Each structure stands twice: as structure tokens, then as C-alpha cells.
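The values are calculated or read from the model by the stated rules, or taken from the named source; none is laboratory data. Bear in mind the structure is a predicted one, so any value in this text is a computation, not a measurement. Glycine also receives a Cβ, built like all others from the backbone with ideal geometry; neighbour counts cover every protein chain displayed. These area figures cover heavy atoms from the full protein model, side chains too; ligands, DNA and RNA do not enter into them. Shrake-Rupley method; radii C 1.70, N 1.55, O 1.52, S 1.80 Å.
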Amino acid sequence: MTQILIQALALNFAAIMLILTSHLRYQCQASWVTFPFSRFKVKPTSSFLVSSIHSTQYHNKFHSSSSLNLNRFLFDLEEINEIEVTKERERIPIVTLPKEDYRTIHAAKTLGLLNGDFIRAGVVLDSGDHSYKSSTSLEKKTNVNLSGIEDKACYAGLITDEAQIEWLAEGKIKKPQPTKNGKPPGSLRIILKSLTVPFNNIDSHFSQPSSNSIGNKHSISLILALPRPLQLGRILPMVAQMGIDHLVLISAQKVPKDYFGSHLLRTPTEIRRLLIEGLCQAGDVNLPRITVAKQFKAFVEDDLDSLFPKNEWARVIAHPQRLQDSEKPARFRDIEFPIQNDHEAEGTGNVAPKVVLAVGPEGGWAEPYELDKFKEQGFQQVTLGPRILRSDVAVISLLTLAQDVCFTEQNRGNLPHPK
């Protein structure tokens, strides 16, 4: 009888240990999953998971929302910490990244780079006009250290496919190369050789870089009814990948007012981080301008013309097709661009077709007030059909069509090509 009781207790103890082991394994897996995808919030089930999330947020704070697929390593001007002067008196900027930086980890673990290898790199071109409605610039709110930045300003917006890397071994690690488990041996030194102006126009096969191409970045701007915060976090890297010049986040009747209290709008550094995430993927260096307009009517009537002059921008508003619409809805291919006369073309240099696109909240703009307000300002209404799409799906679809019509218009011969 005693032996049977001992066996029963042993079986119960084994079952309890199995349950505890499985539970802890689940927690460890959950905490690992939330590290590279922390933007998709997971409700913690225990204090273990909460502490694990907090510890990983600092480890990779700048780029914790993606899987770190970098098609171009991007650097801010302030990260250039050394200028090397060659025998030919060429000045070559150098960046040294700490061991914990997300780019250092990517270079070691994902790319397995060795000393002397080359990477694609670039220096972010900040528009310098990230205006909020409070007239507070994004640069002031991000607390960027501008000391000595004037000396490096000439490198902003430049790219290279020949940036050379050099590992600096630190601590107990002696070999300047990634360890067997893919960890960096120490800091990463990146020599930005052969920096050049990128092809910033619609298609690099049909356009060449010019001395003023840094100023003329992208031909598309977006006026977007402010989506919910989680969706905005997904949209920002997407629009940066697609390539836009200016993003206006605007109020609308179907936009809840508390969306403007989102953590993204309270911390512009997070907006900038998400935009740079998209630029890294696309290999671009031009950071879009961001404007937040809390008053719909004031923006449309007072600010629109100064930001997007009628004689330069084709104004387009997207809205779902309604069954009761009497007129045949227009498609993006049907939009008309402003006519540039010879005097305007001479005064502004090379004029490329430009589109400012207004995309409403899910369900569309309020009818008829908001639609009429835009149409009074010369907006042409287009549709993707009767389906009501989520904001992110609609934005990417419409931006793709906008880029296509700009490319077609550019190469139709109606406007001069950039030299």
C-alpha cells in the first residue's frame, strides 16, 4: 500500500513539473516574440513577461518594430564622428556604431560581414520643416544634438554602395569578426566612401541626378485623415517606402478626437523612427515632412494653397464609389495636371508632375461637407471602386497609382525632363 502511494505521489509530482515547465517555456517564447515585433502589442500574462518586455525595449529601442531587413544603412548627420582626409585631400566621413546598435547587430547576425566588406549606406536628408500645428519643429522636439553639424551638412542626402566596414574587437573578444553565434565582436566602424547624389526622380532609367536633385525629392504628397494609432504605426513605414514628399495628418468628422492624443503624436522621435524604418527598406534617404492639422476647415481654407499651390500640384481626393452616384466615377488615370507655361517653366527650373492626394478615414470623407470643401479647392475626385478599404490598403494602392500617372505624364512629353 505504501509503495502504491509513493508511486502515485511521484506521478503527481512529475505531472506538476511538466505543467510548470510548459508554462515557463510558453512565457519565454512569448517574451522573445515581442522583442522584434513590439509594435504589435501582446497582453502580458504574468510579471515575467512584463519585465522581459521592459528589458528588451531599451536593447533595441530605435528599431525594435521590424525584423531589421536593411537594404541601406542610414545615418543621421550627428552620427558622423570622424572625417578622414586622404592623400588626394578627399574628405571621407566615418561612422562608428556601438556594439548594441541595431545596425551593428544586423551587420553581424544577418549579413555576417567581415572586415573590408562593402555595404549600401546613406545619410538621412531631413527636410528641416517638420511643422506641427503648434509651429514647433520636429527637430526641436527630438532633442537632436546639433553641435558641429554644420560642418557635416554637405553629406546630407548622399548615398554610397561602397561603404566599407571595420570591426573593432572589445572586451574578451580578440578576433575582429562576428562570433560563432552571430554576435558583434564590438563596435562597427563604417567608412562612407564614394558618396554621391541619389536618383531622386520618378525613374532612374529616364532621369539623371542634378545639382538641385536633393531639393526636389518626391512628386507625391499625402493628406491623410488621421487613422487609429496602431494603424498609423503601420502606415508610416509604408509611405516612407513608397516615397512621399509631405504627409499631412488631418482631422475629419469620422476621426475620433482622442486619436490626436496618441503616443505617436506626443513623441515625434517615434514618428521619425518609423519613417526611417521605411527608408532603410526602400534604400531612400529623403525623410518626408510631417504636418498635423487638428482643424479641418482651417487647413483646407488657409494652409492648403501655401503648401500645395494649384499651379504646381494636381489635387486629387479619393472616395468610395456610391451606387447612387449619377456621374461615372473617375479613375486615377483620368486626372488632369496643371498646365505649365514657358514662363513658369523657366522661373522654376525643371518642372515635374506632382500630385497631392487626400485619403479619408475608413468609410470615406463626410458627405457632402468634406467632399465639397475639397472640391471647392480644385480637388478631382477619384475612386478605387465600391469597396470600403482599410486606410493602409487604400493608401498604398492610391500611392502606387499616383506614382504611375506621374511617371506616364513625365514621359509623355508634355513636361520637360529633369536634366
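Using the Cβ of Arg333 as centre and a radius below 13 Å, the other residues enclosed give a net charge of -2, where K and R count +1 and D and E count -1.
Per residue, segment 351-410 exposes 39 Å² of solvent-accessible protein surface, assessed with a 1.4 angstrom probe and all protein chains in place. Summed over the residues of segment 242-326 and divided among them, the accessible surface reaches 39 Å² per residue at a probe radius of 1.4 Å. Rounded to the nearest 10 square angstrom, Ile396 shows an accessible area of 50 square angstrom against a 1.4 Å probe. At a Förster radius of 45 Å, what calculated FRET efficiency corresponds to the Cβ-Cβ distance of Asp302 and Arg387, to the nearest 0.05? Taking R0 as 45 Å, the efficiency between Asp302 and Arg387 is 0.85.
Computing FRET efficiency as 1/(1 + (r/R0)^6) for Lys174 and Glu88, where r is the C-beta to C-beta distance and R0 is 35 Å, gives about 0.50.
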